[in-house]
Amino acid sequence: MTSSLALKIDDRPPLTVSFTPGERRVFKAREKLAVSQHAAKYRVVTNGPMTGKWRNEVTPYLVEPMDTWQEPWIREVFLCFAPQTGKTQVAFNCLIFGIDQRPGSVMYIMPDEKVTKRISRRRLLPLFRGTPRIAALMSKRLDDTSSLAVQFTNGADLMMAWATSPAALASESVMYLFMDEIDKYPEFSGKESDPVSLARQRLIAYPFTSKLLGVSTPTTDTGYIIRAMADADEIRDYHVPCPICGEYQIMVFDGIIWPGNIRDPRLIQRKRLANYQCSKCGMFWDDHLRDIAVQNGKWIARAEPVERPTSVAFHLPSWYSPFISLSRVAADWLRSQDDPSKLMAFVTQHKAEAWQETIAPKKESAVLEHCTELPSGVVPSWAVALTAYFDTQKHGFWFAVRAWDAELNNHLVQYGYVTTFEDVEAIIFRTRYPIQDSKETMDIWRAGIDTGGGESENDDWSRTEEIYQWLRKTPPGKVYGTKGASHKSPARIKVTRIDVMPKSRKAIKGGLELRLLATDQYKEIIHWRLERNKGESQYFSLHAAAGMDYARQLLAEEKARTRRGKIYWKQVHRDNHLLDCEVGNAALADSAWLPSLQQLAAYLKRTTDPAVLSRTRRRVISSGVE
């Protein structure tokens with residue numbers, strides 16, 4: 001019986017084993033590729049100026065950050081890069097490498113929900129579908145792919161999250177953590193800790209294999225990316241060899257030069273007049289030679305290199321990028337010299353350095369050093385127009401009248417306190433101020449009034465409603481209602497409609513408008529102007545009778561820092577009404593408010609006939625319309 005059974009077994013056909021495509025990928029020998037090699041072999045760029053196969057030679061400074069992230073002893077990599085230098089592409093290349101070569105759970109974090117969904121829909125999903133190597137790993141089940149989660153057939157699992165949601169950040173453990181534009185994350189995630197600390201907790205379950213990549217353009221010295229760099233084992237800078245003498249060097253902004261007699265940023269940028277000067281041989285590099293130097297560059301640690309560091313930070317300014325001309329950098333620097341907000345943008349967006357917030361308080365005596373010999377009520381001879389701003393109180397109005405020229409040099413003509421709307425109307429519509437060394441006079445070109453709330457003397461109306469009713473009765477085009485908005489915004493002035501149709505909410509033609517002013521930004525501008533010297537644009541001056549009462553109110557608020565390092569404006573004196581008036585005047589003269597002072601000055605300059613100029617000056621300044 002035994003032999004018969006054996007015979008039957010021996011007579012069976014040979015066994016065959018079939019593997020699924022997923023099993024074949026698991027059993028297949030893994031390629032030994034660096035992240036940069038993997039990107040060059042498999043990555044397909046689906047949007048941007050360089051679509052098609054990924055090429056490391058276009059941005060060679062990205063190779064080492066990618067390959068450093070792959071090193072087995074590395075846990076964290078941070079990129080403090082200027083915009084348009086490719087920092088997010090490093091994250092994308094590391095992401096698809098991890099999905100393909102070392103699959104695991106992944107979390108990709110953006111600043112907020114809206115940005116997260118947009119990046120997922122417009123960049124990440126097209127990247128996965130457009131790269132055949134990754135597209136083959138995407139599940140065929142529709143439920144496995146969405147704008148917030150993607151599951152792959154090899155076990156990789158991507159979760160999208162945003163910094164404002166503590167629930168999303170605390171969802172589950174991950175092996176790979178990508179944090180994009182971390183300096184735009186809020187200070188707190190809901191009522192919990194800061195989002196970076198919350199996100200880091202997701203890596204605890206993978207102490208020996210976790211990877212964190214954080215990328216951002218810096219903001220202030222208390223931003224996340226600057227603090228991460230300070231905590232890193234190494235900070236590396238990109239050194240390039242001079243194409244002429246071969247000397248390696250860090251490219252710094254002071255090495256970018258252009259003809260000293262040309263100050264027009266448009267001309268410099270249009271004709272590409274800027275070059276880089278080698279710190280060793282003094283030879284000039286144009287954009288082409290700059291690109292050659294960058295092609296042959298290398299990353300070098302700032303201090304003594306650390307053996308097997310666990311955290312490495314990389315720093316790169318904008319002028320290394322092949323997409324940014326040296327002349328563009330020079331032009332943006334020239335534009336920043338007359339605007340503190342543009343200067344901050346230049347420091348953070350081009351230098352990739354933190355903006356140093358100044359919090360040293362000023363003294364009243366320093367303000368009064370700006371007094372001139374002009375008496376109160378007299379307009380400087382150089383003035384183009386006058387603005388007036390009124391800060392509303394329960395029983396009256398603080399006001400300030402300021403003269404301006406096209407370069408925003410400005411002079412305090414008058415300030416004080418009035419009690420009635422009739423007084424306000426007298427200043428705006430009926431007062432003419434004598435011009436220095438002239439028989440001409442000038443009236444208010446543009447006026448603003450604070451529409452802030454609060455009780456009025458009339459129990460039936462709030463103060464805001466009184467201001468609205470008064471504004472509706474004034475002639476259009478000269479006096480405007482305003483309201484302060486302390487939150488930061490790219491636009492310092494926003495227009496909102498008060499008089500709208502009840503159902504459609506469409507603006508009523510000729511109806512009341514309200515200007516929302518970014519007050520914190522204008523306070524910055526005023527303090528910056530106080531530091532300008534005579535001969536520089538936007539110089540801030542006062543009439544001879546300006547006293548300690550004015551100086552004290554102007555300095556009623558100063559910058560302070562919270563325990564977490566956040567900068568805010570702190571009120572140090574009770575009365576800050578004249579500061580509010582000067583904030584309003586700065587907004588009234590802002591070039592974003594049309595017609596602008598520059599347009600007015602250009603029109604007056606074209607009018608050469610003295611008699612016509614005299615009549616035109618009065619008409620244009622009075623109406624505010626060319």
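Here, each number is a calculation from the coordinates, and none is a lab measurement. Here the structure is a predicted model, which means the values were calculated and not measured. Every residue, glycine as well, gets a Cβ built from its backbone with ideal geometry; the counts of neighbours run over all protein chains shown.
A few comments on the model shown:
- Segment 28-62 residues near the modelled A135 label - backbone nitrogen below 11 Å, point 7 Å along Cα→Cβ: 44
- Taking the DSSP bridge list for the chain and keeping only pairs wholly inside it, about 50 percent are antiparallel.
- Using the Cβ-Cβ distance between S537 and L142 with R0 set to 60 Å, the FRET efficiency works out to roughly 0.50.
- Note on segment 364-595: the alpha carbon radius of gyration divided by the globular reference 2.2 N^0.38 Å gives 1.02.
- Note that segment 110-115 has calculated 3J(HN,Hα) couplings of 10, x, 9, 5, 4, 5 Hz, one per residue in order, obtained from phi through the Karplus relation 6.51 cos²θ - 1.76 cosθ + 1.60 (θ = phi - 60°); glycine and proline are x.
- Sequence-distant aspartates and glutamates (8 or more away, or on other chains) whose Cα lies within less than 20 Å of K184: E76, D112, E113, E192, D194, D221, D231, E353, E357, D520
- Fewest-first ordering of M251, M344, M283 by other beta carbons within 10 Å of each residue's beta carbon gives M283, M344, M251.
- Counting only DSSP beta bridges with both residues in segment 33-231, the antiparallel share comes to about 25 percent.
- Structural descriptor for segment 364-595: relative contact order 24 percent, calculated from alpha carbon pairs under 8 angstrom and at least 6 residues apart.
- Long-range HN-HN contacts of G448 with modeled amide H, under 5 Å: A388, Y389, F390, Y480
- For segment 367-406, backbone nitrogen atoms closer than 13 Å to the point 7 Å from T419 Cα along Cα-to-C-beta are found at 395-397.
- Each of H239, V572, A551 was placed along the dipole of the chain (beta-carbon charges, centred on the mean Cα), and the one lying farthest toward the positive end is H239.
- Checking the Cα-Cα distances for K342/K566; K114/K211; K87/K117; K394/K566 against a 23 Å cut-off, the pairs over it are K114/K211; K394/K566.
- Partner lysines for K605 [C-alpha distance under 27 Å; skip if fewer than 8 residues away on the same chain]: K439, K478, K534
- The chain, relative contact order [Cα under 8 Å, separation at least 6], %: 11
- Separation of the E187 and K394 label points, Cα + 7 Å toward Cβ, nm: 3.1
- Mean-position separation - Cα centroids, segment 295-337 and segment 229-291, in angstrom: 11
- Convex hull volume of the chain per residue (C-alpha atoms, cubic angstrom): 245
- Between A385 and W404, the built amide H atoms are under 5 Å apart, and every one of these is 5 or more places off in sequence or on another chain.
- The chain - Cys residues lacking any other Cys C-beta under 4.7 Å: C80, C94, C371, C581
- Put a plus charge on the Cβ of each Lys and Arg, a minus charge on the Cβ of each Asp and Glu, and nothing anywhere else: the dipole of the chain about its Cα centre is then about 2200 debye.
- Farthest toward positive dipole pole in segment 33-231 [+1 Lys/Arg, -1 Asp/Glu at C-beta], among V106, A82, Y206: V106
- Amide hydrogen proximity for M283: with H placed 1.01 Å from N in the peptide plane, the residues at 5 or more positions away or on another chain lying under 5 Å are C278.
- The calculated FRET efficiency for I235 paired with I508, based on their beta-carbon distance and R0 = 51 Å, is about 0.30.
- Under 28 Å from K280, Cα to Cα: lysines that are on another chain or at least 8 residues apart: K271, K298, K351
- The stretch between A360 and K41, if pulled fully straight at 0.36 nm per residue, gains 109.4 nm over its current Cα-Cα span.
- Charge-dipole axis of segment 364-595 as Lys and Arg at +1 and Asp and Glu at -1 on Cβ define it, positive-most pick from Y539, W382, V495: V495
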